[in-house]
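Reading through the structure tokens given below for one structure.
The values are calculated or read from the model by the stated rules, or taken from the named source; none is laboratory data. Remember, predicted model here, so these are calculated numbers, not experimental data. Heads up, the Cβs are rebuilt from the backbone with ideal geometry, glycines too, and the neighbour counts pull from every protein chain shown. Heads up: the accessible areas ignore ligands, DNA and RNA and are worked out on the full protein's heavy atoms, side chains in. Shrake-Rupley method; radii C 1.70, N 1.55, O 1.52, S 1.80 Å.
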Amino acid sequence: MGGISGAALAPAQQHEPSAAARLPVFPDPTQLDPLLSDFLHQTTEQLCRWWADSAHRSPLPLLSVLPEVAPGRQGLSSAALLDDLQLVMDGAFNPVHPGSMAHLDPPPLTASVAADLVCAGLNNNLLAEELSPSLSRLERSLCCWMASRLGLGDQAGGVAASGGSLSNLMALVVARQQRALVGLDQALVFCSVDAHVSIAKALAVMGLSASAMRPIAVDANGALRLDLLAEGLDQAEAAGLPVLAVVATAGTTVRGAVDPLAPIAELCQPRGIWLHVDGAIGAVFGLAEAQAARVPDLGVADSLTVNPQKLLGITKTSSLLLLRQPEALAFTFATGLPYMEPSWAEAHGGECGLQGTRPAEVLKLWLGLRQLGLEGIEQLLHGAVSRCAQLQRLLAPLPLELCSGPLHLLAFTPEWLDAPASDLWSQQTRQRLLERQLMLSRPQYRGRHHLKAVLGNPYTGSAELEAVAEVVAESISLSPFC
Ligand SMILES: Cc1ncc(COP(=O)(O)O)c(C=O)c1O
């Protein structure tokens, strides 16, 4: 091999003990390279040590040192690269810590991590089949399996997207195409006031005005109010305003509420309105028979967002957009790929969504699900909802407003605090919790700040939950407002 393609580059002098230890910059296509194997081994060893030490650090790191950002004149040795990596790792958020319960970011599934490494090493491209022959088929097949398991039917399928926001955007673009509303800037989208901000973002990207979004109030459980939705749809019809879609949420961001999907579908179907279900948080509960009743009737959706990254531990990003009629994807997004051989199936991956070049995110999803098995999935989900119920029991005697739902999220704030007082109380309490290595988040909900616990971390045990309740009780008693 000549030049840069296979040989090691001259590394920076100060980091290079001997020429023999030079890391090849590309894998050798003719033989196993012991230096490369050693480098990857050391990298994974460093990562394993980072995990192993997680419980002794805190969920949020202290101030950390950033390595030099710009590339030096000469490339670095493997030892220097690993030192640089370590500096960034030292400043990283620590999802494996048992006190990490702030967000929808659980510890990573180990098989998913391995698949991510292999995905990078294969460097295939889900744009087109000749760039990812086995992986394109795997993505298509896994989407079909997932869609059918979640009740969307035997013809259902979908595509992987880099995150739930993108899946939601693509769903609404498909809905607009299917409803033949392309070009109209007045089409409406109904969703609950608790729907995720990505819906508003999608409408802005689609060139719709902010008034296109029609937020519907929720009931005491945080679920969209059907009577108000029916009223809104009737008013739109009477005013001659077309409805692009209704977006129902299966698992709202702050409290994990689930909208009544089947009754919403009954309102949509006779009117010919597209029903998108944002199941970024909750849809995975539909994978386990014993948990599926928490998110009933997912199968009534025309399109469904699922984010296995949020609870199952599939490494980021991992989101699927599933459709009862997946051919609507290519119908909406296909432009032709004149620089590629034709697709061996219905359409190239790059014609089934907004992304062109895509990593094979399906690999870590597939391997992670295979690692868990259906029983493992059920255990993860069961563990999450059990921890949520336990924390709810521990907090119940306190004078708190508790906001939850059927899933694994719980938000709370003292009953009597007004908006400024809830802001201050939640800041102080979060700080007290962090001092005990317990990390909760601090969302605004119904005009007041809450503390929110997401109980998807399998390492969070009774000790952490009891400590949260203790700190919260103490913080209430210390508050000048209480
Ligand atoms: C209900 C819901 N939908 C969509 C999203 C967006 O997902 P992502 O962050 O993967 O873009 C979130 C994020 O938290 C969410 O809570």
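Some values worked out for this structure:
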| item | result |
| --- | --- |
| Estimated distance in nm for a label pair at residue 337 and residue 186, the labels positioned 7 Å out from Cα along Cα-to-Cβ | 3.9 |
| Candidate lysines for bridging to residue 364, where Cα separation is under 17 Å - those fewer than 8 sequence places away on the same chain excluded | 310, 316 |
| Stretch gain in nm, segment residue 123-residue 82, where the contour uses 0.36 nm per residue and the Cα spacing is subtracted | 12.6 nm |
| Most to least packed among 157-169, 344-356 [average Cβ atoms within 10 Å] | 157-169, 344-356 |
| Computed FRET value (nearest 0.05) for residue 374 with residue 110, which takes r as the C-beta separation and R₀ as 22 Å | 0.75 |
| Per-residue [θ]222 nm for the chain (sum of -39500 (n - 2.57) over DSSP H runs n ≥ 4, rounded to 500) | -13000 deg cm²/dmol |
| Fraction of antiparallel bridges per DSSP, the chain only, in percent to nearest 5 | 55 |
| Label-reachable residues, segment 274-316, where backbone N falls under 15 Å from a point 7 Å from residue 93's Cα toward its Cβ | 309-316 |
| Separation between Cα centres of segment 384-426 and segment 137-205, rounded to whole Å | 32 |
| Net length gained if the chain between residue 463 and residue 262 were fully extended (0.36 nm per residue, minus Cα distance) | 68.4 nm |
| Zone residues, segment 242-285, relative to residue 221, backbone N less than 11 Å from point 7 Å out along Cα-to-Cβ | 257-261 |
| Accessible surface of the chain, 1.4 Å probe, proportion on carbon and sulfur as whole % | 56 |
| Relative pair counts by distance (%), Cα atoms of the chain, 10 Å bins | 4, 18, 25, 25, 18, 8, 2, 0 |
| Separation in nanometres of the label points that stand 7 Å from Cα toward Cβ, at residue 436 and residue 393 | 1.8 |
